[in-house]
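Reading through the structure tokens given below for one structure.
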Amino acid sequence: MSLSVTLRVWRQAGPGKPGRFVDYPARNLNPNMSFLEMLDVVNDELTLRGEEPIAFAHDCREGICGTCSLMIDGKPHGPQQGVASCQTYLRSFRDGDVIVVEPFRARAFPIVKDLVTDRSAFDKIQQAGGFITARTGSAPEANAVPVPKGDAELAMDAAQCIGCGACVAACKNASAMLFVAAKVSHLGLMPQGQAERDRRVLAMVETMDSLGFGGCVNQYECTAACPKLISHDFIARMNRDYRGAIFRAAFNPSARGE
Amino acid sequence: MAQLDPRIPAGPLAEKWRKHKAEIRLVNPANKRKYEIIVVGAGLAGASAAASLAELGYKVKSFVFHDSPRRAHSIAAQGGINAAKNYQNDGDSVYRLFYDTIKGGDYRSREANVYRLAEVSANIIDQCVAQGVPFAREYGGLLANRSFGGAQVSRTFYARGQTGQQLLLGAYSALSRMVGAGAIELFTQSEMLDLVVVGGHAKGIVVRNLVTGEITRHASDAVVLATGGYGNVFNLTTYARGSNATAIWRAYKRGACFANPCYTQIHPTCIPVTGDYQSKLTLMSESLRNDGRIWVPKKKEDCRRDPTAVAEEDRDYYLERLYPSFGNLCPRDVASRAAKRMCDEGRGVGETGLSVYLDFSDAIRRLGEHVVRERYGNLFDIYHEITAENAYRTPMRIYPAVHYAMGGLWVDYNLMSNVPGLFVLGEANFADQGANRLGASALMQGLADGYFIIPYTIGDYLATQKPGSRPSPDGAEYRQAEENVRAMTSRLLSLKGREPVSHFHKRLGQILWQHCGMARNRAGLEQALREIPALREEFWRTLNVPGSGDTLNQALERAGRVADFLELGELLCRDALAREESCGGHFREEHQYPDGECRRDDANFSHVAAWEYRGEGQAPLRNVEPLVYEYVKMSVRNYK
């Protein structure tokens with residue numbers, strides 16, 4: 001059993017250049033093939049014809065590195081819930097389908113080429129405060145501070161974020177709230193993360209705002225598109241942290257770490 | 001001929017590292033900011049090294065080919081990280097972790113290095129917990145452990161099936177903190193394409209920006225390579241598609257010796273190959289062997305039947321039968337070869353007959369499905385996504401796949417290569433895993449090297465270099481290296497043949513898997529040594545790299561990496577041919593016991609083989625560093 005589809009792919013030569021959709025037939029595909037493997041095959045065919053292959057971001061191909069970032073038929077990472085583009089398989093499509101493939105679009109994620117975007121804004125948010133300061137060599141004995149199992153589990157639910165940007169691509173405001181909330185919640189739930197808790201949430205939220213991400217209007221498309229199904233509840237947790245931190249900082253600027 | 005002095009400190013094993021740290025040269029705090037260190041790669045080893053060196057006050061430049069340092073393939077490690085904490089009160093100790101790792105490596109690693117690794121393992125857990133890594137906890141809030149292959153104690157720390165991800169994000173957060181503080185200059189999408197050697201010392205690199213195509217020279221006082229393993233030489237592996245050997249290979253061509261390339265690890269539990277379009281193989285964590293039982297049918301006619309219909313007495317739980325004391329938790333090389341033997345006997349299962357069952361029905365009966373789901377849920381999900389099968393109902397099908405490279409650039413006890421000033425960390429070096437790595441030891445080694453070894457040992461080198469003596473990147477050596485990179489890039493772009501680069505990578509992978517995979521022999525290796533140069537010649541004649549060099553060009557990136565693999569693959573076979581014994585992941589069919597186990601030859605091969613490049617068209621030189629065992633008695637590995 002095999003299937004044939006038409007790929008309607010966004011082609012754009014570079015940043016700021018005009019882009020357009022181009023149709024490519026993909027024939028006699030094995031339904032167990034992954035979506036990215038189909039692009040590999042199409043790219044090899046393009047190369048054999050002397051045309052330039054389609055640029056797309058990918059690396060681990062097992063849903064953990066967060067590199068792959070395709071908008072497939074209007075959904076970040078495609079039709080299945082809880083997977084990355086690389087874990088989307090052709091068995092999710094039907095013979096004869098026309099499949100529209102675009103990059104993740106957001107003001108803060110400029111297009112580099114074809115389906116590849118620049119998501120370095122996420123790194124900048126992390127650099128602003130997405131850490132617990134623990135200079136190498138200064139750590140106390142690991143079991144000195146017990147962490148309630150429930151807190152560790154909840155922190156892990158948030159920490160699973162792969163930094164792919166699907167939440168931003170799914171949001172009509174291109175908000176990065178789920179991404180930032182996941183990091184703020186993970187570190188804020190750990191006892192080790194308390195000392196910098198206010199400073200962290202203030203710095204990360206302010207950096208997020210300054211990079212051109214929009215605000216959250218509580219529609220939770222982000223969670224639905226997240227390959228790790230990270231809950232929008234973490235956004236509420238971050239908002240609470242942020243309000244508290246703003247309040248404390250108003251009375252005591254040292255809460256900002258200044 | 002290269003000088004290979006391992007510089008192992010004198011004194012009793014347990015004192016060596018402490019004594020060495022007390023005796024090596026230091027750089028005073030005010031001088032540290034005068035030194036610039038280049039760190040290439042930001043996986044566990046690279047990110048932890050860059051962060052720790054910047055914390056000490058050195059000026060650090062971090063280069064990664066990914067779009068973010070968080071993407072390095074350490075992120076995909078699933079099962080866990082070993083540490084001799086003895087939290088389970090089951091008799092673990094630094095010595096036991098050391099001994100298990102030496103034995104697991106089939107007595108082909110350095111005692112002093114491995115002992116140090118076991119010693120600092122406990123500090124790693126402390127460090128990661130302080131960074132907020134959400135390790136699994138017991139109900140009382142203390143850290144939980146699980147068991148891994150090759151050990152009879154429970155010493156593996158984990159964060160669900162995503163331990164590598166959480167440890168990497170910890171190291172990445174430390175790196176990000178120092179980038180934010182201005183102590184690290186970060187270069188993403190920047191691929192190192194040459195090493196610059198000035199007066200015999202590593203003093204910089206040449207880099208291509210993968211987005212703009214710009215080629216730049218960077219000078220430094222020392223260069224640290226933490227660029228991962230070379231396993232993708234086999235094409236179809238559990239590595240990320242972008243993982244490559246280019247940085248270490250180009251360093252090799254600048255004089256760094258390449259040690260034990262034939263020590264490659266085949267992981268026993270991966271999802272089997274299904275078709276020729278396939279781009280990668282997916283690992284199912286070794287932790288599954290804690291509760292999963294591996295079997296094949298006793299009778300060939302049962303191999304095509306529904307596995308749940310095969311009666312208990314008709315199943316051969318062959319690891320439990322062959323290795324009763326370690327059972328399903330025997331080391332990776334042993335488990336992989338046993339799976340191959342079962343399939344060679346015609347008892348493999350699945351459409352291709354090239355897989356075995358990994359069955360959880362006993363564990364589900366014993367513990368309940370919810371417990372199995374809590375422990376391994378994400379792995380069962382991955383399996384379901386790929387195969388559309390439900391492993392809670394029917395056994396998983398698994399087969400071995402290339403997973404890790406124990407070989408790598410030769411380093412001394414300070415993790416410095418034979419090129420002074422060039423340090424190599426993590427999977428990119430060769431030192432600690434011997435001929436076979438135990439599960440949960442890669443994360444341990446990467447972080448040990450980056451957090452707790454290089455911050456001390458790099459000072460011993462830098463103290464010999466006058467502050468401010470760093471050469472200018474306009475020097476002749478830098479310009480020559482840049483010219484070299486430009487020439488290679490334009491050569492690839494100007495070939496304009498017909499074939500896409502994937503064509504050559506696939507064929508190279510097939511040659512290596514067939515002749516230099518789980519079992520190797522003289523005739524096969526000699527054939528591979530004829531086929532690879534022919535393939536390389538064809539590559540440089542018929543390759544087509546479309547597009548230009550001044551934009552993002554993924555075909556060009558891959559072409560450069562595959563060009564290096566086509567050379568490295570040959571060295572791999574050459575090394576496998578020269579090593580006339582079987583040890584760990586290197587199995588020569590000529591050298592085995594009647595029951596199919598590895599037959600080592602300690603009299604002639606108890607040494608590291610470190611290959612030295614001697615120019616294009618010249619045979620490389622095989623240098624030897626003898627391995628001396630003072631504390632562990634070398635014996636036949638026995639997991640029975």
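In terms of the Cα gyration tensor, with a ≥ b ≥ c the square roots of its eigenvalues, is segment B:476-611 rounded because a/c is under 1.5, prolate because a/b exceeds b/c, or oblate? It is prolate, given that a/c is not under 1.5 and a/b is the larger ratio. Sorting A:Asp198, B:Asp316 from the fewest to the most surrounding beta carbons within 10 angstrom yields B:Asp316, A:Asp198. Averaged over the residues of A:76-88, the number of partner chain Cβ atoms lying within 10 Å of the residue Cβ comes to 1.
Rounded to the nearest 20, the size of the Cβ-charge dipole of segment A:98-240 about its Cα centre is 160 debye, with Lys and Arg at +1 and Asp and Glu at -1. Amide H contacts of B:Asp316 (H built 1.01 Å from N, in plane; Pro and chain starts excluded): B:Val296, B:Lys298 sit under 5 Å, all sequence-distant by 5 or more or on other chains.
Sorting B:Arg305, B:Arg588 by the number of Cβ atoms found within 10 Å of their own Cβ, with the fewest placed first, yields B:Arg305, B:Arg588. Estimated at 0.36 nm per residue, the fully extended path between B:Asp362 and B:Ala603 surpasses their Cα-Cα distance by 82.3 nm. The ranking of A:Trp10, B:Trp249, B:Trp540 from fewest to most other beta carbons within 10 Å of each one's beta carbon is B:Trp540, A:Trp10, B:Trp249. Only one residue of B:Phe587, B:Gln510, B:Ala112 has its Cα farthest out toward the positive end of the dipole of chain B, where Lys and Arg carry +1 and Asp and Glu -1 on Cβ, and that residue is B:Ala112. Peptide B:386-395 shows a mean partner chain C-beta count of 1 within 10 Å per residue C-beta. Enter the Cα centre distance for the pair segment B:461-521 and segment B:161-210, rounded to the nearest angstrom. Cα centres, segment B:461-521 to segment B:161-210: 18 Å. Contact order for chain B, expressed relative to its length and based on alpha carbon pairs under 8 Å spaced 6+ residues apart, stands at 21 percent. Relative to the Cα centre, the charge distribution of the protein assembly as shown, modelled as +1 at Lys and Arg Cβ and -1 at Asp and Glu Cβ, gives a dipole magnitude of about 1100 debye.
Normalised by 2.2 N^0.38 Å, where N counts its residues, the alpha-carbon radius of gyration of chain B equals 0.92. Per-residue shielding of B:269-277, expressed as the average number of other chain Cβ atoms within 10 Å of the residue Cβ, stands at 2. When Rg and Dmax are taken over the Cα atoms of the protein assembly as shown, they come to 25.9, 79 Å.
Counting only alpha carbon atoms, the long axis of helix B:163-180 and the longest principal axis of chain B meet at about 20°. Need the C-alpha centroid separation for segment A:153-200 versus segment B:282-335, integer Å. Using only Cα atoms, the two centres lie 40 Å from each other.
The three principal axes of the Cα atoms in segment A:3-113 give end-to-end lengths of 36, 35, 23 Å, sorted in falling order. Just to confirm the number: angle between the C-alpha axis of helix A:233-251 and the first principal axis of chain A, 0 to 90 degrees, nearest 10? In chain A, helix A:233-251 runs at an angle near 40 degrees to the longest axis. 3J(HN,Hα) along segment B:103-118: 5, x, x, 6, 6, 10, 10, 7, 4, 5, 5, 5, 5, 4, 4, 5 Hz, from the Karplus curve 6.51 cos²θ - 1.76 cosθ + 1.60 with θ = phi - 60°, whole Hz, x for Gly and Pro. Taking amide H atoms as placed 1.01 Å from N in the peptide plane, the amide H of B:Lys61 lies under 5 Å from those of B:Ile37, B:Ile38, B:Val39, B:Glu185, each 5 or more residues away in sequence or on another chain. For segment B:292-424, what class follows from the C-alpha gyration tensor (a ≥ b ≥ c being the square roots of its eigenvalues): rounded when a/c is under 1.5, otherwise prolate if a/b is larger than b/c, else oblate? Judged from the Cα gyration tensor, segment B:292-424 comes out prolate (a/c at least 1.5, a/b above b/c).
Taking θ as phi - 60° and the Karplus parameters 6.51, -1.76 and 1.60, the scalar couplings of segment B:383-395 work out to 4, 5, 4, 7, 9, 6, 10, 9, 6, 6, 9, 10, x Hz in sequence order, x denoting glycine and proline. Annotation: the antiparallel percentage among DSSP beta bridges lying fully within the protein assembly as shown is about 70.
Taking the C-alpha atoms only, the angle from helix B:501-516 to the longest principal axis of chain B is near 60 degrees.
The 3J(HN,Hα) values that the Karplus relation (6.51, -1.76, 1.60; θ = phi - 60°) gives for segment B:622-631 are, in residue order, 9, 8, 10, 10, x, 9, 10, 9, 9, 10 Hz. Gly and Pro appear as x.
Using a cut-off of 24 Å between Cα atoms, the listed pairs A:Lys124/B:Lys280; B:Lys59/B:Lys203; B:Lys16/B:Lys59; A:Lys183/B:Lys59; A:Lys75/A:Lys228; B:Lys203/B:Lys506 include A:Lys124/B:Lys280; B:Lys16/B:Lys59; A:Lys183/B:Lys59; B:Lys203/B:Lys506 as exceeding that distance.
Charges were assigned to the Cβ only: +1 to each Lys and Arg, -1 to each Asp and Glu. The resulting dipole of chain A about its Cα centre is roughly 640 debye. Taking amide hydrogens as placed 1.01 Å from N in the peptide plane, the amide H of B:Gly204 sits under 5 Å from those of B:Val196, B:Ser220, each at least 5 positions away in sequence or on another chain. Net charge in the neighbourhood of B:Ser325 (other residues with Cβ under 15 Å of its Cβ; Lys, Arg +1, Asp, Glu -1) is +2. Per residue, the Cα convex hull of segment A:67-216 amounts to 136 Å³. Taking every DSSP bridge with both residues inside chain A, close to 80 percent are antiparallel.
Electrostatic tally near B:Thr542: other residues with Cβ closer than 13 Å to its Cβ, Lys and Arg +1, Asp and Glu -1, net +2.
Net charge of the neighbourhood of B:Glu557, taken over other residues with C-beta under 11 Å away and scored Lys/Arg +1, Asp/Glu -1, is +3.
None of the figures in this text is laboratory data; all of them are computed from the coordinates on show. Keep in mind it's a predicted model, so treat the numbers as computed, not measured. Ideal geometry is used to build each Cβ from the backbone, glycine not excepted, and the neighbour counts take in all protein chains shown.
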